[in-house]
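> Below is the structure I would like to discuss, written out as structure tokens.
No lab work stands behind these numbers, since they all come straight from the coordinates. None of these values were measured; they are calculated from a predicted model. Every residue, glycine as well, gets a Cβ built from its backbone with ideal geometry; the counts of neighbours run over all protein chains shown.
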Amino acid sequence: MSAAPEHPILVPILGDQLTRDLASIRGRTKDDTVILMMEVWDEATYVKHHKQKIALIFSAMRHFAAELRDAGWTVDYVKLTDEDNAGSFTGEVARAVERHDPRAIHVVEAGEWRVQQAIEEWPDKFDCEVEILPDDRFIASIAEFRDWAEDRDHLTMEHFYREMRRKTGLLMRDDGKPEGGDWNYDSENRKPPGEKMDAPPRPLFEPDGITQECIDLVGEQFGDHFGSLDNFGWPVTRDEAEKAADAFFAERIEKFGPYQDAMVCGEDDLYHSMLSTSINLGLLDPLELCRRAEQAYRDGKAPINSVEGFIRQIIGWREYVRGFYWHQMPHLQIANALNAQRGLPEFYWTAETEMACLADCIRSTRDNAHAHHIQRLMVLGNFALLAGINPREVQDWYLVVYADAYEWVELPNVAAMILYADGGKLATKPYAASGNYINKMSDYCKGCTYSPSKKTGEGACPFNPLYWHFMDRHRERLEKNHRVGRVYSTWDRMDDDRKQEYLDSAEAFLETLSPADSSWARSA
Ligand code: FAD
Ligand code: DLZ
Ligand code: SF4
């Protein structure tokens with residue numbers, strides 16, 4: 001560390017705040033500031049994160065610290081294996097207060113509720129001024145979302161998204177109407193996979209010395225965590241993240257829209273941007289990416305459905321789930337409207353299942369710390385919903401296994417979007433589907449032991465009886481929902497024997513599931 005200033009402003013930067021444009025350092029003078037970055041055991045172990053996720057965060061943090069130092073900032077960096085590591089953010093800030101005797105602490109609000117609770121205790125704990133600044137990397141502040149959500153019965157994402165379009169001007173015409181005439185082109189974004197998809201591979205970044213050190217550290221300290229380190233190729237600096245974005249805009253955005261919901265066995269990325277890890281860490285600015293997408297449309301390099309789809313995922317869904325998280329916490333983490341109590345099946349950790357779709361999505365998750373949206377939603381999530389898996393166990397799994405997972409984005413997607421555990425505040429109906437949907441949108445069923453066209457009994461796709469079992473057991477709640485109601489007319493037209501076959505078939509399948517050993521997710 002270079003000579004530290006006297007009574008400086010201490011600026012703690014958390015592992016997912018890696019941008020020089022952060023509100024706590026923007027406009028600060030370098031000779032008056034000490035930046036504190038901390039690798040801490042609490043964060044690395046509150047769930048047993050995928051090995052790639054820890055290596056990615058530590059490597060990105062170390063690279064960012066080096067970049068700040070090169071730019072002339074004083075950075076106090078605490079490594080995980082430093083002898084006196086206090087283990088927690090608060091413990092490390094306390095030690096830094098002793099070292100630097102700051103006149104104030106300036107920190108940007110945390111992404112996660114758990115961490116924000118700890119930060120809010122700092123003013124009482126430390127004998128200096130503590131300023132907690134809003135995280136303005138998001139387009140809508142937490143207060144803005146709260147104002148929007150207040151007094152609304154339904155927090156419809158589409159309405160929020162239109163506000164964000166107006167606010168940013170993205171894909172808006174001068175007359176205030178949406179570009180192309182429609183707000184949303186989702187109906188054009190459901191093309192099943194073709195015979196030959198030829199999606200160009202995403203760039204993988206060879207680990208440099210810093211990343212290799214982090215990979216070795218994770219191998220030594222977290223060897224019992226889920227996942228493989230072999231394929232590590234995530235961008236760990238802003239430069240690398242920009243290269244990943246360049247490749248997406250040059251090679252994949254054109255087909256991003258049409259094939260957004262497609263799934264192909266063994267093809268893990270297809271036309272997705274693979275930028276979520278970089279956006280969430282702070283290496284890429286989400287609004288800047290949306291502006292680039294818009295430019296691609298204006299330059300005639302990508303169709304409106306691709307560009308609008310990409311922009312909607314970011315200024316729509318990403319912003320919305322963040323606002324929803326803060327609006328619904330802390331009760332969202334214990335919500336269980338459907339009273340789902342089954343344990344998470346073991347195969348979520350081992351990929352050992354005869355169901356080809358689940359096996360492939362879990363393999364990709366294990367090897368890449370990534371699965372794309374429709375795999376997370378309509379395969380892994382759909383199964384957890386239909387089988388009635390306990391939301392807490394599903395939440396832990398999603399938080400552990402994805403390199404882009406932070407609770408503010410994981411929890412609304414899991415509890416509210418896939419499990420309907422919030423009772424329908426986010427989704428107007430449960431995303432429940434039978435094997436027919438997966439068969440239509442993927443090539444998984446061709447290589448599966450089960451048949452999607454067989455409805456019950458031996459060899460039937462388990463999603464088929466599970467679908468009706470789910471609908472039957474939640475009838476009281478769901479039949480009032482006008483978007484689901486029609487399903488019950490179909491059910492009611494079946495004779496009692498047929499209904500019983502579905503229910504028996506589902507029960508027989510559920511009997512075969514062995515629950516996972518919970519030590520995969522949480523430390524003892
Ligand atoms: P693309 O398909 O290229 O999409 C572009 C960007 O849009 C993404 O990078 C992401 O920033 C944003 N985005 C898209 N969908 C969503 C969404 N539903 N919520 C928030 N942002 C979205 N995303 C995370 O970043 N972290 C998570 O922990 C996470 N957990 C999820 C859990 C479930 C059950 C589901 C259904 C979705 C989850 N998502 C999560 C959203 C989405 O699956 C990932 O953002 C996406 O797969 C990342 O890959 P990509 O960058 O190639 O995305
Ligand atoms: C996820 C994570 C991990 C594994 N380790 C650290 C760490 O050691 N230091 C750190 O600053 N951040 C880490 N993170 C990310 C934090 O969990 C994340 O920044 C906060 O939880 C967001 O509120
Ligand atoms: Fe999945 Fe069913 Fe298709 Fe097998 S048949 S891949 S279990 S949807």
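> Can you list the lysines whose alpha carbon sits under 16 Å from that of LYS167, skipping same-chain ones fewer than 8 residues off?
Those lysines meeting the cut-off are LYS177.
> As a test of the formula, what do you get for the chain when each DSSP H run with n ≥ 4 contributes -39,500 (n - 2.57) and the sum is divided by the residue count, at 222 nm and rounded to the nearest 500 deg cm²/dmol? Spell out each step's value before the answer.
Values: 24 runs with 218 residues, N = 524.
Value at 222 nm, helices only, nearest 500: -12000 deg cm²/dmol.
> Packing-wise, with mean Cβ within 10 Å as the measure, how do 398-407, 445-454, 416-425 rank, highest first? If you can, show how the numbers build up before the last one.
Numbers: 398-407: 23.8, 445-454: 15.3, 416-425: 22.2.
Highest-to-lowest ranking by the protection proxy: 398-407, 416-425, 445-454.
> Once you sort the root eigenvalues of the Cα gyration tensor of segment 248-360 as a ≥ b ≥ c, which label holds: rounded (a/c under 1.5), prolate (a/b larger than b/c) or oblate (the other case)?
Numbers: a/c = 2.54, a/b = 1.39, b/c = 1.83.
Oblate, because a/c is 1.5 or more while a/b does not exceed b/c.
> Please state the charge dipole magnitude for the chain, taken about the Cα centre, from unit charges on C-beta atoms (+1 on K and R, -1 on D and E), reported in debye and rounded to the nearest 20.
Numbers: 60 positive and 90 negative charges, 374 e Å.
Here the size comes out at about 1800 debye.
> A further question on this structure: Please work out the FRET efficiency for the pair ASN339 and LYS30, using the Cβ-Cβ distance as r and a Förster radius of 60 Å; give the result to the nearest 0.05.
0.60
> Segment 394-467 to segment 204-275: how many Å between their Cα centroids?
Each part's Cα centre sits 23 Å from the other's.
> Keeping to pairs on different chains or 8 or more places apart, tell me how many lysine pairs in segment 9-133 have Cα atoms under 23 Å apart. Walk me through the intermediate numbers first.
Numbers: LYS30/LYS79; LYS48/LYS79; LYS51/LYS79; LYS53/LYS79.
The result is 4.
> Cross-link candidates for LYS455: which aspartates and glutamates have Cα within less than 13 Å, leaving aside residues fewer than 8 places away along the same chain?
The reachable aspartates and glutamates, counting only those whose Cα sits under 13 Å from LYS455, are GLU501, ASP504.
> In nm, what is the difference between 0.36 nm times the number of residues separating LYS125 and LYS79 and their Cα-Cα distance? Don't jump to the answer; show the numbers that get you there.
Values: separation 46, 0.36 × 46 = 16.56 nm, distance 2.33 nm.
Using 0.36 nm per residue and subtracting the Cα-Cα distance, I get 14.2 nm.
> May I ask you to derive the FRET efficiency for ARG298 and ARG363 from their Cβ-Cβ distance with R0 = 56 Å, giving the value to the nearest 0.05? Intermediate values should be presented prior to the final figure.
Values: r = 39 Å, r/R0 = 0.70.
Efficiency for this residue pair is about 0.90.
> Among the GluC sites (Glu not before Pro) in segment 137-195, which ones are in a DSSP loop with at most 12 other Cβ atoms within 10 Å of the Cβ? Mind listing them? It would help to have the intermediate numbers written out before the result.
Values: sites: GLU144, GLU150, GLU158, GLU163, GLU179, GLU188, GLU195; in loops: GLU150, GLU179, GLU195.
Within segment 137-195, the qualifying GluC sites (Glu not before Pro) (loop, at most 12 other Cβ atoms within 10 Å) are GLU150, GLU195.
> How far is helix 496-511 tilted, in degrees, relative to the longest principal axis of the Cα atoms in the chain, given as a value from 0 to 90 rounded to the nearest 10?
40 degrees
> May I pose another question? Would you order LEU204, LEU56, LEU287 from fewest to most other beta-carbon atoms within 10 Å of each residue's own beta-carbon?
Working: LEU204 13, LEU56 27, LEU287 16.
Ordered by Cβ neighbours within 10 Å, fewest first: LEU204, LEU287, LEU56.
> Please list, or write none, the lysines whose alpha carbon is within less than 16 Å of the alpha carbon of LYS425, excluding same-chain residues fewer than 8 places away.
LYS480
> How would you order 341-354, 261-274, 75-88 from highest to lowest mean count of nearby Cβ atoms within 10 Å?
261-274, 341-354, 75-88
> Another question about this same structure. Let me spell out the model: positive unit charges on the Cβ of Lys and Arg, negative unit charges on the Cβ of Asp and Glu, origin at the Cα centre of segment 9-133. What dipole size does that give, in debye rounded to 20? Write out the running numbers ahead of the final one.
Working: 15 positive and 24 negative charges, 109 e Å.
Roughly 520 debye for segment 9-133.
> On to the next question. Relative to the longest principal Cα axis of the chain, at what angle does helix 356-368 sit, 0 to 90 degrees, rounded to 10?
Roughly 10 degrees between the two axes.
> Could you give the nm distance between label points at GLU242 and LYS440, where each point is 7 Å from its Cα heading toward the beta carbon?
Distance between the two pseudo-spin positions: 4.3 nm.
> Return the FRET efficiency for the residue pair ILE142, TRP41: r is the Cβ-Cβ distance, R0 is 22 Å, and the value is rounded to the nearest 0.05.
Details: r = 28 Å, r/R0 = 1.29.
For ILE142 and TRP41, the calculated efficiency is 0.20.
> Assuming 0.36 nm per residue, please report the length gained on full extension of the stretch ARG522 to GLN116 beyond their Cα-Cα distance. Please report the intermediate quantities before stating the final value.
Numbers: separation 406, 0.36 × 406 = 146.16 nm, distance 2.07 nm.
Length gained between ARG522 and GLN116: 144.1 nm.
> What share of the DSSP beta bridges in the chain is antiparallel, in percent to the nearest 5?
Values: 3 of 22 bridges.
In the chain, approximately 15 percent of DSSP beta bridges are antiparallel ones.
> I would also like to ask the following. What pairs from LYS191/LYS301; LYS196/LYS255; LYS196/LYS440 go past 18 Å between their alpha carbons?
Values: LYS191/LYS301 20 Å; LYS196/LYS255 13 Å; LYS196/LYS440 16 Å.
Listed pairs above 18 Å: LYS191/LYS301.
> OK, next. Does segment 347-520 classify as rounded, prolate or oblate by the C-alpha gyration tensor (a ≥ b ≥ c root eigenvalues; a/c under 1.5 gives rounded; else a/b over b/c gives prolate, otherwise oblate)?
Details: a/c = 1.81, a/b = 1.27, b/c = 1.43.
Since a/c reaches 1.5 but b/c is at least a/b, the shape of segment 347-520 is classed as oblate.
> So how far apart, in nm, are the two label points at ASP497 and ARG69 if each is 7 Å from Cα heading toward Cβ?
About 7.7 nm, to one decimal.
> Nearest 20 debye, what's the magnitude of the dipole of segment 212-333 about its Cα centre given +1 on Lys and Arg Cβ and -1 on Asp and Glu Cβ? Write out the running numbers ahead of the final one.
Working: 11 positive and 21 negative charges, 145 e Å.
The dipole magnitude comes to about 700 debye.
> Each residue of segment 124-132 in turn: what ³J(HN,Hα) in whole Hz from Karplus with 6.51, -1.76, 1.60 and θ = phi - 60°, glycine and Pro shown as x?
Karplus-based 3J(HN,Hα) across segment 124-132 equals 7, 7, 10, 8, 8, 5, 10, 10, 9 Hz.
> Checking the a/c ratio against 1.5 first, then a/b against b/c, what shape does the Cα gyration tensor give for the chain? Mind dumping the intermediate values first?
Numbers: a/c = 1.73, a/b = 1.53, b/c = 1.13.
Prolate is the answer for the chain, as a/c is 1.5 or above and a/b outweighs b/c.
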